[in-house]
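Take a look at this one; I'll ask things after.
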Amino acid sequence: MRFLRRSSAEQTATDDSPAEGTDVGSDSARDRTPGKGRATPKRREAESRRRGPVAPPPKTQREAMKRARGNKEERRKASRERRERMMAGDDRYLMPRDRGPVRAYVRDIVDTRRHMMGMFMPLVLIVFVTTLVQNILVQQYATLACLVLLLTMLFEGTLLARAVNKRVRAKFPDATDRPLSLGWYAFTRAMQLRRLRVPRPRLTPKDFHKIG
């Protein structure tokens with residue numbers, strides 16, 4: 001009977017199917033990217049390899065104390081180095097408010113002048129001492145002297161702020177610093193004693209002619 005027998009077309013299709021499967025398999029095998037052959041290292045392992053071998057833990061308490069003392073000395077040395085660079089005016093170690101050529105120029109202007117505002121800290125000490133003196137006359141004179149000095153400081157600070165802004169605009173026409181900010185920066189530096197200024201002054205009142 002013919003329905004039990006496959007036709008020649010069906011038999012041909014069946015015979016061709018393995019060949020097609022073989023071609024597809026070979027194509028997929030050819031397109032497959034070969035693996036690395038090793039596991040991807042973890043981030044902690046990669047960082048440890050970059051840092052080098054880790055020192056073994058201390059075996060005795062004396063060794064631990066010695067190692068801690070060495071680390072403490074290294075931190076102190078690094079701190080002293082940062083402090084010295086900051087006092088020298090290195091921009092990498094200065095506070096954000098002190099960075100830049102404009103602020104350095106303002107510091108030079110302040111440091112090449114003598115200011116009554118530098119008496120602010122001694123003034124505070126004098127006021128404190130007069131409060132301990134049980135003499136009304138001394139307290140009155142001290143209060144009057146403090147008031148006069150404060151008014152002088154305000155007047156001098158205003159003149160200094162105007163002079164600083166004028167010279168900064170002439171030397172740095174493209175500066176974006178606000179006049180009030182520059183004036184306050186100059187005022188606060190002038191109020192400090194010279195030896196306590198940070199960074200350390202690089203000019204003296206004798207170098208006034210060096211300011212451009």
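So, in the stretch 109-121, how many residues would count as being assigned to a helix (DSSP H, G or I) and open to solvent by 40 Å² or more (accessible area, probe 1.4 Å)?
Keep residues of the stretch 109-121 that are assigned to a helix (DSSP H, G or I), which gives 109-111, 116-121.
Filter once more, so that each one left must be open to solvent by 40 Å² or more (accessible area, probe 1.4 Å): 116, 119-121.
Number of matching residues: 4.
Yes/no matrix, rows are residues, columns are (1) over 30 Å from residue 84 (Cα atoms); (2) in contact (Cβ under 8 Å) with a residue 40 or more places away in the chain; (3) among the hydrophobic types (A, V, I, L, M, F, W, C):
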{"position": "119", "(1), (2), (3)": "no, no, yes"}
{"position": "136", "(1), (2), (3)": "yes, no, yes"}
{"position": "161", "(1), (2), (3)": "no, no, yes"}
{"position": "176", "(1), (2), (3)": "no, no, no"}
{"position": "192", "(1), (2), (3)": "no, yes, no"}
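Further, regarding this structure: If I filter the stretch 144-170 down to residues being open to solvent by less than 90 Å² (accessible area, probe 1.4 Å) and not aliphatic (A, V, I, L, M), which single residue comes out as modelled with the lowest pLDDT?
Result: 146.
Continuing with the same structure: Quick check on residue 204: is it polar (S, T, N, Q) and within 12 Å of residue 110 (Cα to Cα)?
Values: polar (S, T, N, Q): yes; within 12 Å of residue 110 (Cα to Cα): yes.
In short, yes.
Given 106, 133, which one is more than 27 Å from the chain's Cα centre (by Cα) and open to solvent by less than 80 Å² (accessible area, probe 1.4 Å)? Reasoning before the result, please.
On the way: 106 fails: more than 27 Å from the chain's Cα centre (by Cα).
Unique residue meeting the criteria: 133.
Which pairs have Cβ atoms under 7 Å, sit 6 or more apart or on different chains, and link a residue in the stretch 74-97 that is on the phi > 0 side of the Ramachandran plot to one that is open to solvent by 80 Å² or more (accessible area, probe 1.4 Å) and not hydrophobic (A, V, I, L, M, F, W, C)?
If the second residue must be open to solvent by 80 Å² or more (accessible area, probe 1.4 Å) and not hydrophobic (A, V, I, L, M, F, W, C), the pairs left are 89/202.
Looking at the structure I just gave you, is residue 177 open to solvent by less than 30 Å² (accessible area, probe 1.4 Å) and charged (D, E, K, R)? Show your work before the answer.
Working: open to solvent by less than 30 Å² (accessible area, probe 1.4 Å): no; charged (D, E, K, R): yes.
Here the answer is no, as residue 177 does not meet what is asked.
On the given criteria, is residue 100 at positive phi and either in contact with an Asp or Glu (Cβ under 9 Å, 6 or more places away or on another chain) or at pLDDT 85 or above (or both)? Write out each step before concluding.
On the way: at positive phi: yes; either in contact with an Asp or Glu (Cβ under 9 Å, 6 or more places away or on another chain) or at pLDDT 85 or above (or both): yes.
Taking the combined requirement at face value, the residue satisfies it.
Still on this structure, please answer the following. If you go through the stretch 185-212 one residue at a time, how many are among the hydrophobic types (A, V, I, L, M, F, W, C) and either open to solvent by less than 40 Å² (accessible area, probe 1.4 Å) or at pLDDT 95 or above (or both)? Walk me through it before giving the result.
Going through the stretch 185-212, the residues among the hydrophobic types (A, V, I, L, M, F, W, C) turn out to be 186-187, 190-191, 193, 196, 198, 203, 208, 211.
Still in the running and either open to solvent by less than 40 Å² (accessible area, probe 1.4 Å) or at pLDDT 95 or above (or both): 186-187, 190-191, 203, 211.
Residues in the stretch 185-212 being among the hydrophobic types (A, V, I, L, M, F, W, C) and either open to solvent by less than 40 Å² (accessible area, probe 1.4 Å) or at pLDDT 95 or above (or both): 6 in total.
The values are calculated or read from the model by the stated rules, or taken from the named source; none is laboratory data. What you see is a predicted model; the values in this text were computed from it and never measured. Reconstructed Cβ throughout: ideal geometry from the backbone, glycine too, with neighbour counts over all protein chains shown. Accessible surface is based on the protein model in full, side chains and every heavy atom, while ligands, DNA and RNA are left aside. Shrake-Rupley method; radii C 1.70, N 1.55, O 1.52, S 1.80 Å.
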